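The values are calculated or read from the model by the stated rules, or taken from the named source; none is laboratory data. Model, not experiment: these values are computed from the prediction. All Cβ positions, even for glycine, are placed from backbone atoms using ideal geometry, and neighbour counts span all protein chains on display. Keep in mind that these areas ignore ligands, DNA and RNA; they rest on the heavy atoms of the full protein, side chains included. Shrake-Rupley method; radii C 1.70, N 1.55, O 1.52, S 1.80 Å.
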Amino acid sequence: VTLVFSQEVTSFNSDDDITAPNGTLSTMTSSDNITWTGTFTPDTNNDSSGNILSLSATYRDICGNLDISGNLGESATSNSYDIDTVRPVVNLFSVIGELDASDNSLSAGETATVTLEFSEPVINFDSSGDIIVDLSSNGTLSQMTTSDNITWTGTFTPTTSVTDTSNTLTLKSTWTDRFGNTPIGENISTNYSIDTKLATVESATAIPDQYGIGNT
């Protein structure tokens, strides 16, 4: 935070003379009593916009003069600043089959819709690199798309000739929100089962093996 007066000032103490919403301002220092600098630290878990620092009119110039109206000094406000110190989270990470919205079992020829919903718009997210789809996932995931950077969807295609009741996708913590805040840990999708192994006839036996009149 930088504060520049028109001349040297006295009776100025940033701890008392500056109001800092949604954060704390360190005691400002100066080498010439004209230009003062300090460090502003935003509060944690805060998401707010339009914040402004306010300077009260309690200071004087170096000679102790008042202004023309008899005021100690002139009040002022800083430029507006936004704060986002809230870590983004995943609200929904689901894998739902196309045949039944309440069914998480994928059969041969069926695909599933993967839905990923964040708590706020995200950047640096690329489903091809941020979602782990390995051998234990038993399938492939198309590139996920979005219209608002909050809700993303893609198509999951299960591997053929597989029977497995326990499968999940894993979202890595490599993405961020627009302020650069990172999530906490990895996120796991809802479980889905796969049965894409087609039934086959292993044997067909007629007993007895000889038939005469009246036999069935």
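Checking each residue in the range 93-130 for being more than 13 Å from THR159 (Cβ to Cβ) and either in contact with a helix residue (DSSP H, G or I) (Cβ under 9 Å, 6 or more places away or on another chain) or among the charged types (D, E, K, R) (or both) picks out GLU98, ASP100, ASP103, VAL114, LEU116, GLU117, GLU120, ASN124, ASP126, ASP130.
Of all the numbered requirements in (1) open to solvent by less than 80 Å² (accessible area, probe 1.4 Å); (2) closer than 19 Å to GLU98 by Cβ; (3) among the hydroxyl-bearing types (Ser, Thr, Tyr), THR176 misses one, and that requirement is (2). Applying the criterion of at least 1 residues that are without any contact (Cβ under 8 Å) to a residue 24 or more places away in the chain to the strands (runs of 3 or more DSSP E) found wholly in the range 135-216 leaves 139-141.
Scanning the range 80-100 for residues that are assigned to a strand (DSSP E or B) and either open to solvent by less than 40 Å² (accessible area, probe 1.4 Å) or of a type in the set (Ser, Thr, Tyr) (or both) returns TYR81, ILE83, ASP84, VAL90, PHE93, SER94, VAL95, GLY97.
Taking the conditions exactly as written (more than 30 Å from ALA20 (Cα to Cα) and open to solvent by 50 Å² or more (accessible area, probe 1.4 Å)), does THR155 satisfy them or not? In short, yes. Reported count of residues in the range 30-64, each being open to solvent by 60 Å² or more (accessible area, probe 1.4 Å) and among the hydrophobic types (A, V, I, L, M, F, W, C), is 3. Could you tell me which numbered condition LEU106 fails, if it satisfies all but one of (1) surrounded by 15 or more Cβ atoms within 10 Å (Cβ to Cβ); (2) closer than 30 Å to SER11 by Cα; (3) among the aliphatic types (A, V, I, L, M)? Unmet condition: (2). Can you find a residue in the range 96-111 that is modelled with pLDDT of 95 or more and either aliphatic (A, V, I, L, M) or more than 25 Å from the chain's Cα centre (by Cα) (or both)? No, the range 96-111 contains no residue that is modelled with pLDDT of 95 or more and either aliphatic (A, V, I, L, M) or more than 25 Å from the chain's Cα centre (by Cα) (or both). Considering SER193, SER142, SER128, the condition of being at pLDDT 95 or above and of a type in the set (Gly, Ala, Ser) is satisfied by SER142 alone.
Can you say whether LEU92 is hydrophobic (A, V, I, L, M, F, W, C), closer than 25 Å to GLY185 by Cβ and at pLDDT 95 or above, as far as the supplied structure shows? Yes: the conditions hold for LEU92. THR27 - would you say it is closer than 30 Å to GLU120 by Cα and open to solvent by 50 Å² or more (accessible area, probe 1.4 Å)? It is false that THR27 is closer than 30 Å to GLU120 by Cα and open to solvent by 50 Å² or more (accessible area, probe 1.4 Å).
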